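Enquirer: A single structure is presented below for examination.
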Ligand SMILES: Nc1ncnc2c1ncn2[C@@H]1O[C@H](COP(=O)(O)OP(=O)(O)O)[C@@H](O)[C@H]1O
Ligand SMILES: [Mg+2]
């Protein structure tokens, strides 16, 4: 199978504290991959590390065999909701339009084509009526869909989402999952960070269990088998407690 | 006579416009207090430029100001990388070191018998009436530069302020963005201290956008309103300070600005978040 | 004699500042401290205009009121108006400071002893001329005698409430959980800060105060692990800087109070340069 992302020996420090310890794992293309681990286990750090958002101490990452710099324009990143300032004076439309900014032509303004794409994606996530709302004035599920729309507007091949199911209603969760599945079915690769194996796990094709180190990875059915859970024992304890 | 009044008004308007523009983005970046640090930090640069050149030439003083303002931002980011101190501590430490250095140097040249040093104390509280026509050309150039950069980069700067991790993931350079914003802040401050002085310059950056923010959450109107508040108050403030003989310009402008902010707050009464 | 008096006066400002600074730094309240030291100005001016003297009692009231007003205003802007902290602080102190400067410019006549420049720099050199002599004994300068009670109060407050301060600084949720009045601690700190700002503004000016607050504490933090040690080191650094500042100022003949802050700044920068050495000492 084609590898979408190959991570080798990734090690990340925040000053003196080790957040990721020699993680080597690969992510298959055309699948929904879940990255699972308790709070503080370095899931967000892993995403930020592979996307070059934070400096890494050691390790290499490649995307479909090429470097991050070459592949960057095909990656969409949905950050964790805690990192967003919901009082920021920005409207739904402006958030989604961010997906159309390109580094190579930073002087450009939004073109008509961009506007069209923004409109389309807002329709896909059923937020057309909220275009001019300030983002703080939406429900949690709507907010998460705004960010999904931004990722869709990027027309990316690889979509990376950090805890998209935290603090949202069932309906939004369903609609996000169905969009994600559509993306997968059209050949895109989706990576979703989540903090436990319940609820949404059944939607993942493959999982990566993480707790500073790589604990296990593979198809969801295999990971759920007892020996693997035993292997990851310390961690399943934590997972169950959640 | 007539001409000098015009110079004052055009100069103040230029300062008001540039400060409101740059202030909007420092506000969005939540870096308003870095503006404060920069405005205190340019004092040693101004004094040093005066000591070396021996004259009060606005261009030379602005170069000095730019240099020390730039050093201060470098020190801030160096300390952020090198220590575990929180950013408010770092900002305050940088601010006080540079400002103390500036005051020490100021007291050194004031101890010397040569003239002209009185003009430097104006930088502490600002004295807009000291502007001449050459300064105006310089101000116009700097303002044009700031307006141009804002015009071309506002989307990127705005997006960075909202969600920098996303922008980095798209391949934009955080350092470059910070550099541009810092440079614009330093330029505005170097220009604005002539009107409002080192101590109150940060208000000219903060208050217009803060007032505008109470009224709107949309970027376009935010920029427009803060331009209106910033420019209007600067003009009104400097007019008042010219009318009253002994009143320093800086505090005058800041009072007008604050009054605007307070009246907007009172008029709205209901906090803006609660409005639908 | 004069040198000694000057060092003592400087220390009487610097010691409480460096102690207060530790609390501010550990709670990320440095810019609030800066705001208060600016914002007491209108309080000072009103008190001066009403009482006609620079006598300390009305001034203390003015300070306490403006100090509270500042914290209240910052809090109000943040909570009620949802204005981000940096802008709320920036607005509050520039507004109050501008108000103070305007009042000086308009009401305090040319011949008053309250002028803009002295507010900015402060003037250690003239503040030591204000000596308290009873009989034929010199008891100290007015600044020393005013700041000494504050320092003693501060020490008592810190020592008696030490555990409380620790909780307040590092674990406030836990504090309110076990019933420590976290809010009260904050208010006491702000009150002491405003009083300190008023009593010291003649000697060092309102802007340099923040340097005396933050720099010794930040330097001390580089070397010490515990809160108690940080207090101790911070005070020591404050004193050392005063001694050096005074002699340096005498030597090159420039204003002493900015120099004291410069020495503090120098020590701070040095502490960061030697930081790696410290680490290697510890690990070996
Ligand atoms: N900016 C940071 N500075 C210092 N430590 C951090 C920072 N971000 C995260 N950490 C630490 O790194 C570890 C992993 O964090 P994170 O990747 O956010 O975990 P997760 O996303 O799995 O909850 C945590 O212990 C966290 O405290
Ligand atoms: Mg996370």
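Enquirer: Return the ratio Rg/(2.2 N^0.38 Å) for chain C, where Rg is computed over Cα atoms only.
Expert: Normalised Cα radius of gyration, chain C: 1.01.
Enquirer: Could I ask something else about it? Starting from the Kirkwood radius over alpha-carbon pairs of region C:1-105, derive D by Stokes-Einstein at 20 °C in a medium of 1.002 mPa s and give it in µm² s⁻¹.
Expert: Translational D for this selection: 142 µm²/s.
Enquirer: As a footprinting exposure proxy, order B:145, C:212, C:23 by other Cβ within 10 Å, with the fewest listed first.
Expert: B:145, C:23, C:212
Enquirer: Quick one: if you stick a label point 7 Å off each Cα along the C-beta vector at residue C:251 and residue C:228, how many nm between them?
Expert: Using points 7 Å along Cα→Cβ, the separation is 3.6 nm.
Enquirer: For region C:133-244, report the % of Cα-Cα distances exceeding 25 Å.
Expert: Tail of the P(r) past 25 Å holds 31 percent of the pairs.
Enquirer: At 222 nm, what value in deg cm²/dmol follows for the protein assembly as shown if DSSP H runs of at least 4 each add -39500 (n - 2.57) and the sum is divided by all its residues, to the nearest 500?
Expert: -22500 deg cm²/dmol
Enquirer: In nm, give the distance between the simple-model label positions of residue B:84 and residue B:228, each being 7 Å from the Cα along the Cα-to-Cβ direction.
Expert: Computed distance between label sites residue B:84 and residue B:228 equals 5.0 nm.
Enquirer: What span do the alpha-carbon atoms of chain A cover on each of the three principal axes, reported in whole Å from largest to smallest?
Expert: Result, largest extent first: 53, 38, 37 Å.
Enquirer: Among A:43, A:182, A:213, which one shows the highest mean-square fluctuation when chain A is modelled as a Gaussian network with alpha-carbon springs under 10 Å?
Expert: A:182
Enquirer: Still on this structure, please answer the following. Taking chain B as a Gaussian network, Cα atoms linked when under 10 Å apart, which of B:56, B:153, B:220 shows the biggest mean-square fluctuation?
Expert: Among B:56, B:153, B:220, the largest mean-square fluctuation in the Gaussian network model of chain B belongs to B:220.
Enquirer: So for B:176, C:165, fewest C-beta neighbours within 10 Å to most, what's the order?
Expert: Sorted ascending by nearby Cβ count, the order is B:176, C:165.
Enquirer: Once you've got the GNM for chain A with C-alpha springs shorter than 10 Å, pick whichever of A:215, A:223, A:84 has the biggest mean-square fluctuation.
Expert: A:84
Enquirer: Modelled label-to-label distance, residue C:163 and residue B:140, 7 Å Cα→beta-carbon offset: nm?
Expert: According to this spin-label approximation, the distance is 7.1 nm.
Enquirer: Need one value for B:194-204: mean number of C-beta atoms belonging to other chains within 10 Å of its residues' C-beta atoms.
Expert: Partner-chain Cβ atoms within 10 Å, mean over residues of B:194-204: 4.
Enquirer: Let me ask you something else. Sorted from largest down, what three extents in whole angstroms do the Cα atoms of chain B have along their principal axes?
Expert: Sorted from largest, the Cα extents of chain B read 61, 46, 31 Å.
Enquirer: When only C-alpha pairs under 8 Å and at least 6 residues apart count, what is the relative contact order of region B:3-199, in percent?
Expert: 39
Enquirer: Let me ask something additional. What is the fewest-to-most order of A:78, B:196, C:57, C:167 by other Cβ atoms lying within 10 Å of their Cβ?
Expert: C:57, C:167, A:78, B:196
Enquirer: If you don't mind, there's one more thing I want to ask. Test of understanding: what is the full-extension gain from residue A:3 to residue A:82, defined as 0.36 nm times their sequence separation minus their Cα-Cα distance?
Expert: Gain in length upon complete extension: 25.4 nm.
Enquirer: Another question about this same structure. Give me Rg over Rh for the protein assembly as shown, both radii from the alpha carbons and Rh done the Kirkwood way, two decimal places.
Expert: Result: Rg/Rh = 1.01.
Enquirer: Of all DSSP beta bridges in the protein assembly as shown, what percent run antiparallel (nearest 5)?
Expert: 60
Enquirer: Under 1.5 on a/c is rounded, so check that first for region B:149-226, then, if it is not, pick prolate when a/b is larger than b/c and oblate when it is not; a ≥ b ≥ c are the square roots of the alpha carbon gyration tensor eigenvalues.
Expert: Oblate is the answer for region B:149-226, as a/c is 1.5 or above yet b/c matches or exceeds a/b.
Enquirer: How big is D for region C:191-284, in µm² s⁻¹ as a whole number, if Stokes-Einstein is applied with the Kirkwood radius of its Cα pairs at 37 °C and 0.692 mPa s?
Expert: Once the numbers are plugged in, D ends up at 232 µm²/s.
Read the figures in this text as sums done on the coordinates, not as results from a lab. These numbers were taken from a predicted model, which means no experiment stands behind them. Positions of Cβ are backbone-derived with ideal geometry, glycine not excepted, and every protein chain shown enters the neighbour counts.
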